[in-house]
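Below: the structure, in structure tokens.
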């Protein structure tokens, strides 16, 4: 064999060796990522601790417009803060490398038709939020697509109290008859009767259904037109109630306000003294 032939064979062998080296020593991150997973998500300021299992594109693409066969682990309920901005709501997330994220909202289990780019999307009071994750790769002309479903709920902005203890009497049933979201005026009070020898040093304890609510209370006279002075009630508040006649009975006011200070509810109680 000639020197030229030997050189040609050597060149071919070298090319094969280089090719094998490239195939067996891939550069990390040089190939598209086939993963399409949601890693973390924060909805309108609320971080979701437990993520739902993904809904595959095979399930999503079924002809039925309803998602009727979802498992319990594919649905996660998220309680948003009462002060959360939901129009529009900021959606923050982390996903698989280079995956595309799109957002949609809907009702019940009807599949939404339109998806929008993050980071914000308008949410209604109790919306269903869908997150669509599309992988970077494109194998066989089809990328990997997963969907995630979140049922969001926002607490009633008008805060209430779940229990109120005045002296030895505890109230747990409240309604609009002795409260108002407008102010302390024109509320028909609920009557609280105290024994004459236990009218001083009366402790008042109020518990809100919303643990972040601000609870305040004030004492006033029946028929008094002056604004009551509300003071914070941390755990208990102590009052001395008057033992006058009907005209001069004391009123107890309770004010419950959401943490953001935007919404309040007032309660009114008329204190009567039982004489032995």
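May I have the convex hull volume per residue, in Å³, for the Cα set of segment 161-274? Let's see the in-between values first.
Values: hull volume 10.9 nm³, N = 114.
Taking only Cα atoms, segment 161-274 has a hull volume of 96 Å³ per residue.
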Rounded to one decimal in nm, the spacing of the 7 Å Cα→Cβ label points at residue 153 and residue 274 is 4.0 nm
From fewest to most C-beta neighbours within 10 Å, the residues 163, 264 line up as 163, 264
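Can you put 49, 85 in order of Cβ neighbours within 10 angstrom, beginning with the fewest?
Numbers: 49 8, 85 13.
Least to most surrounded, the residues fall as 49, 85.
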Within segment 182-276, the percent of DSSP beta bridges that are antiparallel, given to the nearest 5, stands at 75 percent
Given a Förster distance of 45 Å, the FRET efficiency implied by the Cβ-Cβ spacing of residue 207 and residue 115, rounded to the nearest 0.05, works out to 0.55
Fewest to most Cβ atoms within 10 Å: 250, 72, 137 sort as 72, 137, 250
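Given the C-alpha atoms of segment 38-153, compute the convex hull and give its volume per residue in Å³.
On the way: hull volume 11.6 nm³, N = 116.
Once divided by residue count, the hull of segment 38-153 is 100 Å³.
Read-outs throughout are calculated quantities, based only on the coordinates presented, and are distinct from any laboratory measurement. Predicted model only: the values in this text are computed from it and were never measured. Virtual Cβ from ideal backbone geometry, glycine too; neighbours counted across all protein chains shown.
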